[in-house]
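S.K.: This is the structure, below, for whatever I ask next.
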Amino acid sequence: MTAEKKTENNSSGRIKHKKLLVVLSVVLAVVLLLLSAFLIVLKLGENALRKKQENIDVKLPLNDAESMPEEADAYYNGIAYNYNDRLINILVIGVDRKNPNMPGKHQADALYLISLDTDANFVKVIAISRNTVADVDSYDINGDYFSTVKQQLCLAYTYSSDDKKSSENTVKSVSNLLYGIPINGYYTIFMNCVEEIVDSVGGVPVHITEDLTPVNPKFTQNADITLSGDIALRYLQYRGESNAPRLERQKTFISSFVNQAKAAMRKDLSLPVKIYNKLASNTVTDVTSASAAYLASEALEADFEIFGIEGDVGTDGLYETFTPNEAQLYQLVLNVFYQKK
């Protein structure tokens, strides 16, 4: 090969190398741009949630014999606490009807407060019985407030003219039940959502701990099955003679669902936003898609723990009630939402 041909080959090779570098540079720039945009969206989502807890009074009530130490938000059994302001608290409300904006009065059938600690990378979920006796604001047919009465928490959803106000009234009652802790947002889902949510993560494995064959012949005691969306709703809804077994069933379902959702998200990080958008017509929420993306990204590698509220099951003469154990509830609020000074 002549020197001239070698020079031509070298020149051609340099041109190809330069083109490759240009292409790689463009690809890298696009990736960085998309990543930056994604991070900006997440930050906007976080800011929107945190703004809702500004100027909130988070001081817990004291016993008569106690006095609050300076710069403390709570004081109990000789220990001072401060509210953990890195928490983001979201109330999930399950309503006993298929879709939003339907006529008639409906109740909050399931209530779960999700608390994400963005520093500790931990999610704590409080399962709240729908029958919990709590302060509920009541409104007349014109939407005007007329009283606050002790009644089942599920009824907070019935006092309003639309699902947004019903959700907000439920948020207020749950916050008051938990000594005024701030709730950054709510996500209200309806029965038509359940099938889509369950199927989006490939089904939810459960161990049947009770005889549920009246619901489905497959639901025999001690059976292990994977719930598909079309049968999950009845599994979650069935109450029998008391709400307590159903609440335990829902808690174990949530634990299993979280594991399935994490696995699905690792395969597709955009899954939460896809589900959010797909369910938009069957949900009512003040959580934006950007905030949903932020919450999902933070929760992906977080540890989860579900807590229950202890108390006594009773009746108001017609319906089942649940009265929380005040000492346990107070300690639970401290453990989940506060940090020792």
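The values are calculated or read from the model by the stated rules, or taken from the named source; none is laboratory data. Remember, predicted model here, so these are calculated numbers, not experimental data. We place every Cβ from the backbone using ideal geometry, glycine too, and count neighbours over all the protein chains shown.
S.K.: Given the criterion surrounded by 16 or more Cβ atoms within 10 Å (Cβ to Cβ), closer than 22 Å to L111 by Cα and free of Cβ contacts under 8 Å to residues at least 60 places away in the same chain, identify the matching residue among V206, V201. I'd like the intermediate steps shown before the answer.
M.R.: Details: V201 fails: free of Cβ contacts under 8 Å to residues at least 60 places away in the same chain.
After applying the criteria, what remains is V206.
S.K.: Something else now. Tell me yes or no: at least one residue of the stretch 294-304 is hydrophobic (A, V, I, L, M, F, W, C), in a helix (DSSP H, G or I) and surrounded by fewer than 13 Cβ atoms within 10 Å (Cβ to Cβ).
M.R.: Restricting attention to the stretch 294-304, the residues satisfying the condition of being hydrophobic (A, V, I, L, M, F, W, C) are 295-296, 299-300, 302, 304.
From the residues that got through so far, the ones that are in a helix (DSSP H, G or I) too are 295-296, 299.
Retained after the next criterion (residues that are surrounded by fewer than 13 Cβ atoms within 10 Å (Cβ to Cβ)): none.
No.
S.K.: For the stretch 317-330, how many residues are closer than 19 Å to L155 by Cβ and without any contact (Cβ under 8 Å) to a residue 24 or more places away in the chain?
M.R.: Let us first name the residues in the stretch 317-330 that are closer than 19 Å to L155 by Cβ, namely 317-324.
Still in the running and without any contact (Cβ under 8 Å) to a residue 24 or more places away in the chain: 317-318.
So the count comes out to 2.
S.K.: Still on this structure, I have one more. Give all pairs with beta carbons closer than 9 Å in which a residue from the stretch 230-256 that is free of Cβ contacts under 8 Å to residues at least 24 places away in the same chain meets a residue that is aromatic (F, W, Y) and crowded, with 20+ Cβ neighbours inside 10 Å; count only pairs at least 6 apart in sequence or on separate chains.
M.R.: I231/F219; R234/F219
S.K.: Report whether or not Q260 is in contact (Cβ under 8 Å) with a residue 40 or more places away in the chain and farther than 22 Å from G185 by Cβ. Steps first, answer last, please.
M.R.: On the way: in contact (Cβ under 8 Å) with a residue 40 or more places away in the chain: yes; farther than 22 Å from G185 by Cβ: yes.
In short, yes.
S.K.: What's the total number of residues in the stretch 220-241 that are within 27 Å of the chain's Cα centre (by Cα) and assigned to a loop (DSSP other than H, G, I, E, B)?
M.R.: Of the residues in the stretch 220-241, 4 are within 27 Å of the chain's Cα centre (by Cα) and assigned to a loop (DSSP other than H, G, I, E, B).
S.K.: Of the residues T188, T158, T170, which single one is surrounded by 21 or more Cβ atoms within 10 Å (Cβ to Cβ), of a type in the set (V, I, T) and out of contact with any Phe, Trp or Tyr (no Cβ under 6 Å at 6 or more places or on another chain)?
M.R.: Working: T158 fails: surrounded by 21 or more Cβ atoms within 10 Å (Cβ to Cβ); T170 fails: out of contact with any Phe, Trp or Tyr (no Cβ under 6 Å at 6 or more places or on another chain).
When all the criteria are applied, what remains is T188.
S.K.: Does any residue of the stretch 242-262 turn out to be at pLDDT 85 or above, outside any helix (DSSP H, G or I) and out of contact with any strand residue (DSSP E or B) (no Cβ under 8 Å at 6 or more places or on another chain)?
M.R.: For the stretch 242-262, residues at pLDDT 85 or above, outside any helix (DSSP H, G or I) and out of contact with any strand residue (DSSP E or B) (no Cβ under 8 Å at 6 or more places or on another chain): absent.
S.K.: Looking at this structure, is L271 touching a helix residue (DSSP H, G or I) at 6+ places or on another chain (Cβ under 7 Å) and surrounded by 14 or more Cβ atoms within 10 Å (Cβ to Cβ)? Write out each step before concluding.
M.R.: Working: touching a helix residue (DSSP H, G or I) at 6+ places or on another chain (Cβ under 7 Å): yes; surrounded by 14 or more Cβ atoms within 10 Å (Cβ to Cβ): yes.
So L271 fits the description; yes.
S.K.: So which residues in the stretch 265-290 are part of a helix (DSSP H, G or I) and under 17 Å from the mean Cα position of the chain (by Cα)?
M.R.: From the stretch 265-290, those part of a helix (DSSP H, G or I) are 265-267, 271-278, 280-282, 289-290; that's our starting set.
The answer is M265, L271, P272, V273, K274, I275, Y276, N277, A280, N282, S289, A290.
S.K.: Could you check the stretch 134-144 and list, in sequence order, the residues that are surrounded by fewer than 19 Cβ atoms within 10 Å (Cβ to Cβ) and among the aliphatic types (A, V, I, L, M)? First the steps, then the outcome.
M.R.: First, pick out the residues of the stretch 134-144 that are surrounded by fewer than 19 Cβ atoms within 10 Å (Cβ to Cβ): 135, 137-144.
If the condition is that a residue be surrounded by fewer than 19 Cβ atoms within 10 Å (Cβ to Cβ) and among the aliphatic types (A, V, I, L, M), then I141 is the only one that fits.
Each row is one residue, and each column tells you yes or no for (1) under 30 Å from M102 (Cα atoms); (2) hydrophobic (A, V, I, L, M, F, W, C).
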residue: F253; (1), (2): yes, yes
residue: Q260; (1), (2): no, no
residue: R266; (1), (2): no, no
residue: L269; (1), (2): no, yes
residue: E298; (1), (2): no, no
residue: E301; (1), (2): no, no
residue: G308; (1), (2): no, no
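S.K.: On the given criteria, is K150 under 21 Å from L329 (Cα atoms), in contact with a strand residue (DSSP E or B) (Cβ under 9 Å, 6 or more places away or on another chain) and outside any helix (DSSP H, G or I)? Working first, answer last.
M.R.: Working: under 21 Å from L329 (Cα atoms): yes; in contact with a strand residue (DSSP E or B) (Cβ under 9 Å, 6 or more places away or on another chain): yes; outside any helix (DSSP H, G or I): yes.
Judged against the criteria, K150 is a match.
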